Amino acid sequence: MNLNLQNKTAIIVGGAQGIGRAIADAFIAEEAQVAIIDREAEITGFLGEVRQADVADFEAIKKAADDLASQFRQIDHVIFSVGIGSGKTGFPFWNVAPQDWMQVLQVNLIGAVHTAQAFAPYMQQGDSHGRSLLFITSVAGQVGSQTDPPYSASKAGLINFMQCVARDLAADGIRSNALAPGMVKTSLNRSVWKASQVTESYQDWADEKIKRIAPLGQWQDPEEYGAMAVYLASPQAKNITGQTINIDGGQVMHS
């Protein structure tokens, strides 16, 4: 399927590794112009534009947006693929001290606000119809996961913010959606295992967990989110906005 993304511009915030990198690679495969914004200054094997910035720093994100807007003719698609955990296990929630919430909320939620605030004015310029924002959230933001309450709450807030963005930019023809991963072998997933302080190996812990919580009983791969991201950016998804799409092996099912 030709997704008609040739020469479109895609900005991947948090694209140095994991799901963000898979999304960047998917846009490159569709012959889009791709830039990555990340805390990492050097990104192995990536030949596109890179801007180093921390999403928690609005001025840094705004400067990166300004630089890329002057570099490219237009900004078509922006993907926010950033997430950190507290490093604590919340069984019950008061095991995680209030001060352990702040950085998680600042990065996962306020970082998304910074990104949207920085890029939306550029996306509204010219013929804005067909442009899009995509936020990577989590199934944990939909089920009140006790594993890491700050992470779960931040991702729930991100889903709500995505819907606000979708409503505010709809008149400009700009769509906003979210992708919710389930179980993916990333550094973030490994940090959950570490915080759990279990005696079994990461592989054994993860294999048991995925069989227990996902009806399909299998891991999700970063490339699946790349494929969905380019589809949601394409004209094929012209009427999809304000939606949270789960790629989770059936982990979250809404009646």
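The values are calculated or read from the model by the stated rules, or taken from the named source; none is laboratory data. Being a predicted model, the structure only gives us computed values, none of them experimental. For neighbour counting, all protein chains shown are included, and Cβ atoms are generated from backbone atoms with ideal geometry for every residue, glycine included.
Among the residues of region 119-164, the ones that are in contact with a Lys or Arg (Cβ under 7 Å, 6 or more places away or on another chain) and not in a loop (DSSP other than H, G, I, E, B) come to 4 in all. Residues that are small (Gly, Ala, Ser) and closer than 17 Å to GLN163 by Cα within region 70-119 comprise SER81, GLY111, ALA112, ALA116, listed in sequence order. Apart from one condition, ILE247 fits all of (1) out of contact with any helix residue (DSSP H, G or I) (no Cβ under 7 Å at 6 or more places or on another chain); (2) modelled with pLDDT of 95 or more; the exception is (1).
Pick from region 68-86 the residues that are part of a helix (DSSP H, G or I) and in contact with a strand residue (DSSP E or B) (Cβ under 8 Å, 6 or more places away or on another chain): which of them is modelled with the lowest pLDDT? This residue is GLN71. When restricted to residues that are in a helix (DSSP H, G or I) and among the aromatic types (Phe, Trp, Tyr), region 41-67 contains 1.
Looking across region 73-108, the residues that are under 21 Å from GLN124 (Cα atoms) and buried (at least 18 other Cβ atoms within 10 Å of the Cβ) come down to ILE75, ASP76, HIS77, VAL78, ILE79, PHE80.
Restricting attention to region 99-108, does a residue exist that is closer than 29 Å to GLY249 by Cα and touching a Gly at 6+ places or on another chain (Cβ under 6 Å)? Yes, the conditions are met somewhere in region 99-108. Scanning region 24-46 for residues that are closer than 21 Å to GLN74 by Cβ and either modelled with pLDDT under 95 or among the aliphatic types (A, V, I, L, M) (or both) yields ALA24, ALA26, ILE28, ALA29, ALA32, VAL34, ALA35, ILE36, ILE37. Restricting attention to region 4-23, which residues are at pLDDT 95 or above, more than 13 Å from PHE80 (Cβ to Cβ) and not in a loop (DSSP other than H, G, I, E, B)? Result: THR9, ARG21, ALA22. Within region 35-45, the only residue that satisfies the criterion of being over 19 Å from the mean Cα position of the chain (by Cα) and either surrounded by 15 or more Cβ atoms within 10 Å (Cβ to Cβ) or polar (S, T, N, Q) (or both) is THR44. For region 125-140, the tally of residues that are touching a strand residue (DSSP E or B) at 6+ places or on another chain (Cβ under 8 Å) and surrounded by 24 or more Cβ atoms within 10 Å (Cβ to Cβ) stands at 8. For region 225-252, taking the residues that are under 15 Å from ALA180 (Cα atoms) and either free of Cβ contacts under 8 Å to residues at least 24 places away in the same chain or among the small types (Gly, Ala, Ser) (or both), the one that is surrounded by the fewest Cβ atoms within 10 Å (Cβ to Cβ) is identified as GLY250. One residue alone among GLY226, GLY144, GLY157 is modelled with pLDDT under 95 and not basic (Lys, Arg), and that residue is GLY144.
The rows are residues; the columns are (1) in contact with a Phe, Trp or Tyr (Cβ under 8 Å, 6 or more places away or on another chain); (2) free of Cβ contacts under 8 Å to residues at least 24 places away in the same chain.
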{"position": "GLY83", "(1), (2)": "yes, no"}
{"position": "LYS88", "(1), (2)": "no, no"}
{"position": "ASN95", "(1), (2)": "no, yes"}
{"position": "ASP100", "(1), (2)": "no, no"}
{"position": "GLN117", "(1), (2)": "yes, no"}
{"position": "ALA120", "(1), (2)": "no, no"}
{"position": "SER132", "(1), (2)": "no, no"}
{"position": "GLY141", "(1), (2)": "no, no"}
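Just one residue in the set ALA69, ALA60, ALA32, ALA53 is surrounded by 17 or more Cβ atoms within 10 Å (Cβ to Cβ), touching a residue at least 12 places away in the same chain (Cβ under 8 Å) and under 27 Å from SER154 (Cβ atoms); that residue is ALA53. All conditions but one from (1) assigned to a strand (DSSP E or B); (2) out of contact with any Lys or Arg (no Cβ under 8 Å at 6 or more places or on another chain) apply to THR199; the one that does not is (1).
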